[in-house]
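The values are calculated or read from the model by the stated rules, or taken from the named source; none is laboratory data. Predicted, not measured: the structure shown is a model, and the values here were computed from it. Using ideal geometry, Cβ is built from the backbone for each residue, glycine included, and neighbour counts are taken over all protein chains shown.
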Ligand code: A3P
(Lines give C-alpha, C1' and ligand atoms only; values in the text may rest on other atoms or scores of the structure.)
Protein backbone atom coordinates (compact mmCIF):
# COMPACT_ATOMS: atom_id res chain seq x y z
CA UNK A 1 0.00 0.00 0.00
CA UNK A 2 1.50 3.31 -1.07
CA UNK A 3 1.62 5.62 1.90
CA UNK A 4 1.89 9.38 1.98
CA UNK A 5 2.01 11.94 4.73
CA UNK A 6 -1.47 12.96 5.86
CA UNK A 7 -2.57 15.85 8.03
CA UNK A 8 -5.09 15.05 10.78
CA UNK A 9 -8.15 17.34 10.82
CA UNK A 10 -7.37 18.23 14.42
CA UNK A 11 -5.15 17.01 17.25
CA UNK A 12 -5.83 15.60 20.73
CA UNK A 13 -4.10 18.53 22.39
CA UNK A 14 -6.32 18.06 25.45
CA UNK A 15 -4.70 14.65 26.05
CA UNK A 16 -1.05 15.01 25.16
CA UNK A 17 1.07 18.09 24.93
CA UNK A 18 3.47 17.45 22.06
CA UNK A 19 4.61 18.91 18.80
CA UNK A 20 1.57 17.58 16.95
CA UNK A 21 2.13 19.62 13.82
CA UNK A 22 5.49 17.92 13.22
CA UNK A 23 4.24 14.43 14.17
CA UNK A 24 4.55 12.56 10.86
CA UNK A 25 1.39 10.60 10.01
CA UNK A 26 1.70 8.21 7.08
CA UNK A 27 -1.40 6.70 5.55
CA UNK A 28 -2.86 5.41 2.30
CA UNK A 29 -2.87 7.82 -0.63
CA UNK A 30 -6.16 9.69 -1.32
CA UNK A 31 -7.53 9.03 2.14
CA UNK A 32 -8.62 12.57 3.13
CA UNK A 33 -12.33 11.87 2.71
CA UNK A 34 -12.19 8.60 4.65
CA UNK A 35 -10.08 10.12 7.44
CA UNK A 36 -12.45 13.04 7.68
CA UNK A 37 -15.42 10.68 8.10
CA UNK A 38 -13.48 8.81 10.80
CA UNK A 39 -12.64 12.08 12.55
CA UNK A 40 -16.36 12.95 12.75
CA UNK A 41 -17.57 9.39 13.39
CA UNK A 42 -20.53 9.08 15.76
CA UNK A 43 -19.94 6.69 18.63
CA UNK A 44 -22.24 4.90 21.04
CA UNK A 45 -21.65 5.33 24.76
CA UNK A 46 -20.81 1.65 25.29
CA UNK A 47 -18.46 1.22 22.32
CA UNK A 48 -15.15 -0.45 23.16
CA UNK A 49 -12.13 -0.02 20.88
CA UNK A 50 -9.12 -2.26 20.41
CA UNK A 51 -6.34 -0.11 18.97
CA UNK A 52 -2.99 -1.54 17.89
CA UNK A 53 -0.60 -1.67 15.02
CA UNK A 54 -1.08 -4.83 12.92
CA UNK A 55 0.45 -8.06 14.22
CA UNK A 56 0.73 -6.91 17.82
CA UNK A 57 -1.88 -9.29 19.27
CA UNK A 58 -5.03 -7.50 18.08
CA UNK A 59 -6.98 -10.67 17.27
CA UNK A 60 -6.00 -12.24 20.57
CA UNK A 61 -7.17 -9.20 22.53
CA UNK A 62 -10.35 -8.87 20.44
CA UNK A 63 -11.28 -12.48 21.14
CA UNK A 64 -10.80 -11.98 24.86
CA UNK A 65 -12.68 -8.66 24.93
CA UNK A 66 -15.52 -9.96 22.75
CA UNK A 67 -16.09 -12.90 25.08
CA UNK A 68 -16.12 -10.64 28.12
CA UNK A 69 -18.56 -8.24 26.45
CA UNK A 70 -20.78 -11.06 25.23
CA UNK A 71 -21.36 -13.04 28.38
CA UNK A 72 -18.80 -15.75 27.56
CA UNK A 73 -20.66 -16.84 24.46
CA UNK A 74 -18.04 -19.38 23.36
CA UNK A 75 -20.46 -21.09 20.98
CA UNK A 76 -21.25 -17.73 19.33
CA UNK A 77 -17.54 -16.97 18.99
CA UNK A 78 -16.88 -20.31 17.32
CA UNK A 79 -19.85 -19.89 14.98
CA UNK A 80 -19.00 -16.53 13.41
CA UNK A 81 -15.82 -15.05 11.95
CA UNK A 82 -14.26 -12.58 14.32
CA UNK A 83 -14.24 -9.85 11.65
CA UNK A 84 -18.05 -9.96 11.62
CA UNK A 85 -18.31 -9.84 15.41
CA UNK A 86 -15.69 -7.15 15.88
CA UNK A 87 -15.16 -5.17 12.66
CA UNK A 88 -11.93 -3.56 11.57
CA UNK A 89 -12.71 0.08 10.81
CA UNK A 90 -10.23 0.65 8.01
CA UNK A 91 -10.73 -2.69 6.26
CA UNK A 92 -13.37 -1.62 3.72
CA UNK A 93 -11.57 1.55 2.74
CA UNK A 94 -7.94 0.46 2.92
CA UNK A 95 -8.27 -3.03 1.43
CA UNK A 96 -11.48 -2.96 -0.61
CA UNK A 97 -11.44 0.70 -1.72
CA UNK A 98 -15.01 1.05 -0.46
CA UNK A 99 -15.72 3.61 2.27
CA UNK A 100 -19.21 2.24 2.91
CA UNK A 101 -17.71 -1.18 3.62
CA UNK A 102 -15.76 0.47 6.41
CA UNK A 103 -18.66 2.14 8.20
CA UNK A 104 -21.64 -0.06 7.23
CA UNK A 105 -20.74 -3.16 9.28
CA UNK A 106 -19.97 -1.01 12.33
CA UNK A 107 -23.25 0.89 12.06
CA UNK A 108 -25.20 -2.36 11.77
CA UNK A 109 -23.54 -4.01 14.77
CA UNK A 110 -25.58 -4.43 17.94
CA UNK A 111 -24.27 -2.88 21.13
CA UNK A 112 -21.90 -3.17 22.84
CA UNK A 113 -19.72 -2.79 19.78
CA UNK A 114 -16.11 -3.91 19.83
CA UNK A 115 -14.31 -1.98 17.11
CA UNK A 116 -10.77 -2.62 15.88
CA UNK A 117 -8.53 0.06 14.44
CA UNK A 118 -4.87 0.44 13.58
CA UNK A 119 -5.10 4.23 13.30
CA UNK A 120 -2.88 6.37 15.51
CA UNK A 121 -4.46 8.51 18.22
CA UNK A 122 -4.73 11.68 16.12
CA UNK A 123 -6.50 9.90 13.26
CA UNK A 124 -9.06 8.12 15.45
CA UNK A 125 -12.56 9.59 15.91
CA UNK A 126 -12.19 12.86 17.82
CA UNK A 127 -15.07 11.73 20.08
CA UNK A 128 -12.69 9.17 21.57
CA UNK A 129 -10.45 11.96 22.84
CA UNK A 130 -13.21 13.00 25.23
CA UNK A 131 -12.32 9.92 27.29
CA UNK A 132 -15.88 8.61 27.55
CA UNK A 133 -15.24 5.36 25.64
CA UNK A 134 -13.04 2.47 26.59
CA UNK A 135 -9.92 1.92 24.54
CA UNK A 136 -7.66 -1.14 24.81
CA UNK A 137 -4.16 -0.81 23.40
CA UNK A 138 -1.71 -3.67 22.73
CA UNK A 139 1.94 -3.09 21.94
CA UNK A 140 4.52 -5.64 20.73
CA UNK A 141 8.26 -5.69 20.20
CA UNK A 142 8.76 -3.99 16.80
CA UNK A 143 10.99 -6.76 15.42
CA UNK A 144 8.37 -9.46 16.01
CA UNK A 145 5.73 -7.05 14.64
CA UNK A 146 7.71 -6.55 11.42
CA UNK A 147 8.42 -10.24 10.87
CA UNK A 148 4.77 -11.10 11.47
CA UNK A 149 3.72 -8.26 9.19
CA UNK A 150 5.86 -9.69 6.43
CA UNK A 151 4.12 -13.09 6.46
CA UNK A 152 0.74 -11.38 6.61
CA UNK A 153 1.71 -9.22 3.63
CA UNK A 154 2.80 -12.27 1.63
CA UNK A 155 -0.53 -14.00 2.24
CA UNK A 156 -2.57 -10.89 1.45
CA UNK A 157 -0.51 -10.29 -1.71
CA UNK A 158 1.43 -7.06 -1.12
CA UNK A 159 4.74 -8.78 -0.25
CA UNK A 160 4.30 -11.87 -2.37
CA UNK A 161 7.54 -12.61 -4.26
CA UNK A 162 9.68 -10.70 -1.77
CA UNK A 163 11.92 -12.50 0.72
CA UNK A 164 11.76 -11.70 4.42
CA UNK A 165 15.27 -10.27 4.16
CA UNK A 166 14.40 -7.98 1.24
CA UNK A 167 11.33 -6.76 3.12
CA UNK A 168 13.25 -6.24 6.33
CA UNK A 169 16.06 -4.32 4.64
CA UNK A 170 13.42 -1.92 3.29
CA UNK A 171 11.92 -1.53 6.77
CA UNK A 172 15.26 -0.59 8.31
CA UNK A 173 16.42 1.60 5.43
CA UNK A 174 14.91 4.63 7.17
CA UNK A 175 13.63 5.48 10.64
CA UNK A 176 10.05 5.80 9.36
CA UNK A 177 8.85 2.35 10.43
CA UNK A 178 10.51 2.49 13.83
CA UNK A 179 9.09 5.97 14.35
CA UNK A 180 5.64 4.77 13.34
CA UNK A 181 5.39 1.92 15.84
CA UNK A 182 7.06 3.75 18.70
CA UNK A 183 5.03 6.96 18.32
CA UNK A 184 1.81 4.97 17.90
CA UNK A 185 2.45 3.08 21.14
CA UNK A 186 4.02 5.92 23.08
CA UNK A 187 0.93 8.11 22.69
CA UNK A 188 -1.20 5.43 24.34
CA UNK A 189 1.54 4.63 26.85
CA UNK A 190 1.32 8.23 28.02
CA UNK A 191 -2.43 7.73 28.51
CA UNK A 192 -2.08 4.37 30.29
CA UNK A 193 -3.26 5.68 33.65
CA UNK A 194 -6.41 7.27 32.23
CA UNK A 195 -9.49 5.38 33.44
CA UNK A 196 -10.71 4.94 29.85
CA UNK A 197 -7.44 3.44 28.54
CA UNK A 198 -6.11 -0.05 29.14
CA UNK A 199 -2.57 -0.40 27.83
CA UNK A 200 -0.82 -3.76 27.66
CA UNK A 201 1.60 -5.76 25.52
CA UNK A 202 1.71 -9.02 23.59
CA UNK A 203 4.67 -9.98 25.79
CA UNK A 204 2.55 -9.56 28.94
CA UNK A 205 -0.22 -11.65 27.45
CA UNK A 206 2.30 -14.39 26.72
CA UNK A 207 3.82 -14.20 30.18
CA UNK A 208 0.62 -14.11 32.18
CA UNK A 209 -2.57 -14.48 30.20
CA UNK A 210 -4.60 -15.08 33.33
CA UNK A 211 -3.32 -11.81 34.78
CA UNK A 212 -4.21 -9.87 31.61
CA UNK A 213 -7.66 -11.48 31.51
CA UNK A 214 -8.21 -10.27 35.08
CA UNK A 215 -7.03 -6.78 34.16
CA UNK A 216 -9.30 -6.55 31.10
CA UNK A 217 -12.17 -7.98 33.13
CA UNK A 218 -11.76 -5.18 35.69
CA UNK A 219 -11.34 -2.57 32.97
CA UNK A 220 -14.54 -3.64 31.20
CA UNK A 221 -16.30 -4.31 34.48
CA UNK A 222 -17.09 -7.89 33.47
CA UNK A 223 -16.26 -10.26 36.33
CA UNK A 224 -14.88 -13.71 35.51
CA UNK A 225 -15.42 -16.74 37.77
CA UNK A 226 -12.95 -19.62 37.93
CA UNK A 227 -14.91 -21.84 35.55
CA UNK A 228 -15.15 -19.07 32.96
CA UNK A 229 -11.45 -18.34 33.48
CA UNK A 230 -10.51 -21.92 32.68
CA UNK A 231 -12.62 -21.85 29.52
CA UNK A 232 -11.14 -18.52 28.48
CA UNK A 233 -7.58 -19.74 29.01
CA UNK A 234 -8.27 -22.74 26.80
CA UNK A 235 -10.14 -20.83 24.08
CA UNK A 236 -7.43 -18.14 23.96
CA UNK A 237 -4.50 -20.55 23.97
CA UNK A 238 -2.26 -20.47 20.91
CA UNK A 239 -3.17 -24.07 20.02
CA UNK A 240 -6.93 -23.43 20.12
CA UNK A 241 -6.76 -20.12 18.29
CA UNK A 242 -4.53 -21.64 15.63
CA UNK A 243 -7.09 -24.31 14.78
CA UNK A 244 -10.12 -22.03 15.17
CA UNK A 245 -11.30 -20.94 11.68
CA UNK A 246 -13.06 -17.86 13.11
CA UNK A 247 -9.85 -16.35 14.52
CA UNK A 248 -7.68 -16.86 11.45
CA UNK A 249 -9.14 -14.04 9.33
CA UNK A 250 -10.31 -16.39 6.60
CA UNK A 251 -13.34 -14.17 5.91
CA UNK A 252 -11.07 -11.16 5.45
CA UNK A 253 -8.63 -13.05 3.24
CA UNK A 254 -11.46 -14.24 1.00
CA UNK A 255 -12.45 -10.58 0.32
CA UNK A 256 -9.00 -9.47 -0.80
CA UNK A 257 -8.77 -8.66 -4.50
CA UNK A 258 -4.99 -8.16 -4.70
CA UNK A 259 -3.64 -10.02 -7.74
CA UNK A 260 -1.14 -11.90 -5.55
CA UNK A 261 -3.44 -12.62 -2.62
CA UNK A 262 -3.57 -16.25 -1.45
CA UNK A 263 -0.73 -17.36 -3.79
CA UNK A 264 1.43 -18.20 -0.79
CA UNK A 265 -0.52 -18.63 2.41
CA UNK A 266 0.79 -18.39 5.94
CA UNK A 267 -1.56 -19.08 8.83
CA UNK A 268 -2.79 -15.94 10.58
CA UNK A 269 -2.18 -17.44 14.01
CA UNK A 270 1.33 -18.35 12.96
CA UNK A 271 4.04 -18.77 15.65
CA UNK A 272 2.91 -16.60 18.50
CA UNK A 273 6.39 -16.27 19.99
CA UNK A 274 8.14 -13.56 21.93
CA UNK A 275 11.48 -12.74 20.25
CA UNK A 276 10.74 -15.20 17.44
CA UNK A 277 12.51 -12.71 15.15
CA UNK A 278 15.84 -13.92 16.53
CA UNK A 279 15.75 -17.05 14.42
CA UNK A 280 14.31 -15.37 11.33
CA UNK A 281 16.57 -12.34 10.86
CA UNK A 282 20.34 -12.01 10.49
CA UNK A 283 22.40 -10.57 13.39
CA UNK A 284 23.25 -7.55 11.18
CA UNK A 285 19.58 -6.85 10.48
CA UNK A 286 18.75 -7.10 14.16
CA UNK A 287 21.58 -4.77 15.08
CA UNK A 288 20.59 -2.17 12.50
CA UNK A 289 16.95 -2.34 13.54
CA UNK A 290 17.88 -1.92 17.19
CA UNK A 291 20.04 1.11 16.46
CA UNK A 292 17.11 2.75 14.70
CA UNK A 293 14.70 1.78 17.50
CA UNK A 294 17.04 3.11 20.20
CA UNK A 295 17.39 6.40 18.31
CA UNK A 296 13.62 6.93 18.30
CA UNK A 297 13.18 5.78 21.90
CA UNK A 298 15.83 8.26 23.02
CA UNK A 299 13.92 11.08 21.31
CA UNK A 300 10.80 10.07 23.24
CA UNK A 301 12.71 9.54 26.51
CA UNK A 302 11.19 6.10 26.94
CA UNK A 303 12.69 2.60 26.95
CA UNK A 304 11.51 -0.51 25.14
CA UNK A 305 11.07 -2.27 28.50
CA UNK A 306 8.76 0.54 29.59
CA UNK A 307 6.66 0.37 26.41
CA UNK A 308 6.43 -3.43 26.76
CA UNK A 309 5.59 -3.09 30.48
CA UNK A 310 8.46 -5.51 31.16
CA UNK A 311 9.21 -3.96 34.54
CA UNK A 312 5.63 -4.07 35.77
CA UNK A 313 4.85 -6.72 38.40
P1 LIG B 1 3.10 -14.22 14.68
O2 LIG B 1 2.93 -13.94 13.24
O3 LIG B 1 4.39 -13.70 15.25
O4 LIG B 1 2.87 -15.65 15.04
P5 LIG B 1 -2.67 -9.41 15.03
O6 LIG B 1 -3.89 -10.09 15.44
O7 LIG B 1 -2.44 -8.10 15.71
O8 LIG B 1 -2.53 -9.31 13.55
O9 LIG B 1 -1.43 -10.29 15.56
C10 LIG B 1 -1.11 -11.51 14.96
C11 LIG B 1 -0.01 -12.17 15.78
O12 LIG B 1 -0.57 -12.59 17.04
C13 LIG B 1 0.57 -13.39 15.10
O14 LIG B 1 1.95 -13.40 15.46
C15 LIG B 1 -0.21 -14.50 15.78
O16 LIG B 1 0.40 -15.76 15.71
C17 LIG B 1 -0.28 -13.97 17.20
N18 LIG B 1 -1.34 -14.61 17.99
C19 LIG B 1 -2.67 -14.64 17.73
N20 LIG B 1 -3.31 -15.38 18.68
C21 LIG B 1 -2.37 -15.80 19.55
C22 LIG B 1 -2.40 -16.60 20.73
N23 LIG B 1 -3.53 -17.12 21.20
N24 LIG B 1 -1.24 -16.83 21.38
C25 LIG B 1 -0.07 -16.30 20.91
N26 LIG B 1 0.02 -15.54 19.79
C27 LIG B 1 -1.10 -15.30 19.12
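Summary table
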item	result
Residue check for residue 186: in contact with a helix residue (DSSP H, G or I) (Cβ under 6 Å, 6 or more places away or on another chain) and either part of a helix (DSSP H, G or I) or without any contact (Cβ under 8 Å) to a residue 24 or more places away in the chain (or both)	yes
Cβ pairs under 7 Å, 6+ apart, first in segment 245-259 and at positive phi, second at pLDDT 95 or above	249/83; 249/268
Residue tally, condition under 19 Å from the mean Cα position of the chain (by Cα), part of a helix (DSSP H, G or I), under 19 Å from residue 200 (Cβ atoms) and within 14 Å of the ligand (Cβ to nearest atom), over segment 217-253	3
Of the criteria (1) touching a residue at least 40 places away in the same chain (Cβ under 8 Å); (2) farther than 30 Å from residue 179 by Cβ, which one residue 108 fails	(1)
Single residue of segment 254-277 satisfying the filter (in contact with a helix residue (DSSP H, G or I) (Cβ under 7 Å, 6 or more places away or on another chain) and outside any loop (DSSP other than H, G, I, E, B)) that is farthest from the ligand (Cβ to nearest atom)	255
Residue in segment 25-44 that is touching a helix residue (DSSP H, G or I) at 6+ places or on another chain (Cβ under 6 Å) and closer than 20 Å to residue 189 by Cα present	no
Criterion violated by residue 137 - all others in (1) more than 12 Å from residue 49 (Cα to Cα); (2) touching a helix residue (DSSP H, G or I) at 6+ places or on another chain (Cβ under 8 Å) satisfied	(1)
Flag if residue 49 is within 16 Å of the ligand (Cβ to nearest atom), in a strand (DSSP E or B) and surrounded by 13 or more Cβ atoms within 10 Å (Cβ to Cβ)	yes
Count of segment 103-125 residues which are under 18 Å from residue 59 (Cα atoms) and in a helix (DSSP H, G or I)	2
Residue that is nearest to the chain's Cα centre (by Cα) [pool: residues in segment 279-313 that are surrounded by 13 or more Cβ atoms within 10 Å (Cβ to Cβ) and not in a helix (DSSP H, G or I)]	308
Residue in segment 89-98 that is at pLDDT below 95, part of a helix (DSSP H, G or I) and out of contact with any strand residue (DSSP E or B) (no Cβ under 7 Å at 6 or more places or on another chain) present	yes
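This table checks each residue for (1) buried (at least 21 other Cβ atoms within 10 Å of the Cβ); (2) within 19 Å of residue 128 (Cβ to Cβ).
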site	(1), (2)
10	no, yes
26	no, no
40	no, yes
60	yes, no
70	no, no
83	yes, no
87	yes, yes
92	yes, no
